[in-house]
Structure formats: structure tokens, C-alpha cells
1. Using only the Cα atoms of the chain, each taken as one equal point scatterer with no solvent, compute I(q) by the Debye sum, divide by I(0), and report log10 of the ratio at q = 0.08, 0.10, 0.13, 0.16 Å⁻¹.
2. Can you work out the accessible area per residue across the chain, with the rest of the protein chains kept in place, probe 1.4 Å, in square angstrom?
3. Explain nothing, just the number: relative contact order of region 5-293, from Cα pairs under 8 Å at least 6 residues apart, as a whole percent.
4. Long-range amide H contacts for residue 7: which residues qualify at under 5 Å (H placed 1.01 Å from N, peptide plane, sequence gap of 5 or more or a different chain)?
5. Check residue 237: other-chain or 5+ apart residues with amide H under 5 Å from its amide H, H built from backbone geometry?
6. Using DSSP, restrict attention to beta bridges with both residues in region 5-293 and report what percent are antiparallel, rounded to the nearest 5.
7. Longer than 26 Å from Cα to Cα, which of 241/280; 82/108; 190/269; 190/241 are they? Say none if no pair is.
8. Each residue of region 283-291 in order: what ³J(HN,Hα) in whole Hz does its phi give by Karplus 6.51 cos²θ - 1.76 cosθ + 1.60, θ = phi - 60°, with x for Gly and Pro?
Amino acid sequence: MNSVRLVEVGPRDGLQNEAVPLGVADRVRLIEGLIDAGLVVIEAGSFVSPKWVPQMAGSADVLSALGRRDGVRFPMLVPNMKGFEAARDIGAEEIAIFASASESFSRKNINCSIDESFERFAPVLDGAREAGIRVRGYVSCVMGCPYEGEVARAAVVDVARRLYDIGCYEVSLGDTIGVGTPNVARALVKAVAEEIPMAAIALHEHNTYGQALANILACLEEGVTVFDASVGGLGGCPYAKGATGNVATEELVYMLEGMGVRTGVDLPKLCRVAVETCGKLGRRPVSPISTILAEVPS
Ligand code: HMG
Ligand code: MG
């Protein structure tokens, strides 16, 4: 493996769970910094109910302030037709839908069953096809659920295949509460890859139990080439109690580049973004690497 694609989810997954909400201008500045650091796929926000996730209010303003950038994609998270229409109307070129492998998490997160969530996605996919909008898909709770504990591998495979079959170009396997360990992650990816192409599988690791990099390495060895990460290790899911942030993008980049796997990211620039953003949130980046490398000239 010579190179991978990183999907930066800090401005969405990262900020959606922060106690201090960042305003539109700060979110735009964050994303500009990420672009400058070399990230080319950046989840810029979500069109969900502001009553459920107030931190993501103003996502339309974020996207319109960014405008179009050559070679950069800004997927926007949407749960239903209302979110899709808002995304489409503001000119989104890519969206992400999210299903769960656990019934309980589906209900807590989007207030419907797994099957109902797919009923909601069907018109979203139709609308996206009509408007030429790319659709990414997430499966949550792939290695454990905060409400149900263990989640059957068959359930994960089933939801991943359904997302792929309805037209998602890529399916991101979300270890929402970061409970996975490398052999579990490896076996899961192998099982999903029996149903959908390996090239269409991404891994979305939260680092709650400190296993994120180990899981990523195991899945990289299995053939996964797309990894989600969050600058500064920000975030978590408001409907998954105890879930901490995603794997920190800077830690992931450090590991990959050290292995000779190209990411296209300027690490000192990225670390400066992590330090600045975490400063605004009144906390330190999760990883000491950010403060060390932020001082290094690019
Ligand atoms: P609901 O209450 O069942 O929805 O929520 P509803 O259709 O009955 O509508 C209720 C109200 O919400 C109405 O407004 C609607 O207009 C409004 P009211 O009449 O009360 O003023 N509404 C919306 N407003 C804005 N945008 C929308 C929208 N839809 C309805 N799209 C709903 C259902 C899905 C809306 C709600 O449950 C919700 O917003 N959930 C979002 C939860 C969320 O964002 N969670 C975090 C993201 S998922 C995640 O982090 C996991 C991931 O990272 C992968 C991983 O780690 O596993 C992706
Ligand atoms: Mg997540």
C-alpha cells in the first residue's frame, strides 16, 4: 500500500459533541486550515435537527462560505429527505447517510428502526442520483453498541451491503464507541469485503479504548485504503454515552507517513490547526504530537 485516502471528519463528528459550540466563522477557518494542510475530503457539517445536535446549526452557512474548491470534497451528513433537500439546495456535491447495525442505537440516534432508516434513505438516494450528488454511507456500532453491547457481525455485513446496494459509493464502518480490537476489526473487514468491494470500504475509528491506530493498522494490512479521522482527536457521538473522539488525524498521518504510506498531508500545518481549534474549545489536543509538531516549520 503506497497511499491512502483520509476523510477528515473533525468539523462534523469532531464538533458535534463539543460542549463549546463553534460558530460558522470558526468552523470555516478550521476547514480552510485543513485544506491548507492538504486534506481533500472534509466532512463540513450536518443537516440534522438543530434540536438534536445544536452544534451543527449553521452548516448551510459553512458550506456556502466555503464555496467550491478545486480537488476538495465536502460531504455533508444527512439523516432524511429534509436534510437532503437542505444540502442539495445549498449546492452540496456530496452527502453521507448513516445507518446503524444496532436497533437500539438507531432509535436513540435518529429515532427510527434500521428498516425505517432505509425507507428514509430511498428517496434521498433517488434525489441524489437526479441531482448528481455522490453519497457515502456509514454503519454505526460495528464493533459494539452503547445500549446493546455486542453487535452481531452478520448485522454489520447486512447493513453495509444494503448501503452499498442502494447506491453508496463507499461504506464507512463506524466503531462508534471505540471498543474494537485489531483481530475483531480485521475479521469484520474480511466479512464485509465478501459482500462489497474492498475499495468501497472505509474504517471510522473512535479511540475510546486507545485501539484506533492498532485497528487501522490491522485493516490497512487487510487492504482497506480509506480512513476517517478527526483533527485534534475531537469529538464523539452525542447519542453514544462515553464515546470519545475519532482517531486524531495527526497521529494517523504520523503513523502512515512513517510506514511510507503517503497521505498528502503537511503534518506541522495540521498540528497548528489542531492546537488552534482545541484552544477555541478550551481543551488540549488529545495527542502530545500536536503541540510538539506545531512548532516545527512546514
Ligand atoms: P424526529 O424527531 O424523529 O424527526 O428526529 P421528525 O421528522 O419527527 O421531525 C421533528 C422535528 O425535527 C421537526 O421540527 C422537523 O422539521 C425537524 P419541528 O416541527 O419540531 O420544529 N427535522 C429536521 N430539522 C433539520 N434537519 C433535518 C430534520 N429532520 C427533521 N434533517 C431526526 C429525526 C433524524 C431529525 C433526528 O433524530 C436527528 O436529527 N438526529 C441526528 C442525530 C445526529 O446527528 N447524530 C450524530 C451523527 S451520527 C454519528 O455521529 C455516527 C457516525 O459518526 C459514525 C460512527 O461513529 O458510528 C456517522
Ligand atoms: Mg463517528
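1. Those come out to -0.29, -0.46, -0.82, -1.33, one per q.
2. Ligands and nucleic acids excluded, the result is 39 Å² per residue.
3. On the way: 624 pairs, mean separation 56.5, N = 289.
The value is 20 percent.
4. So residue 7 has HN proximity to 227, 228, 229.
5. 243
6. Working: 2 of 32 bridges.
Beta bridges within region 5-293, antiparallel portion: roughly 5 percent.
7. Details: 241/280 23 Å; 82/108 19 Å; 190/269 35 Å; 190/241 28 Å.
Beyond 26 Å: 190/269; 190/241.
8. Karplus values, whole Hz, x for Gly and Pro: 9, 9, x, 5, 10, x, 3, 4, 5.
The values are calculated or read from the model by the stated rules, or taken from the named source; none is laboratory data. If you're wondering where the values come from, they're calculated on a predicted model, not measured in any experiment. Every residue, glycine among them, receives a Cβ derived from its backbone with ideal geometry; neighbour counts consider all protein chains shown. For accessibility, only protein heavy atoms count, side chains too; no ligands or nucleic acids. Shrake-Rupley method; radii C 1.70, N 1.55, O 1.52, S 1.80 Å.
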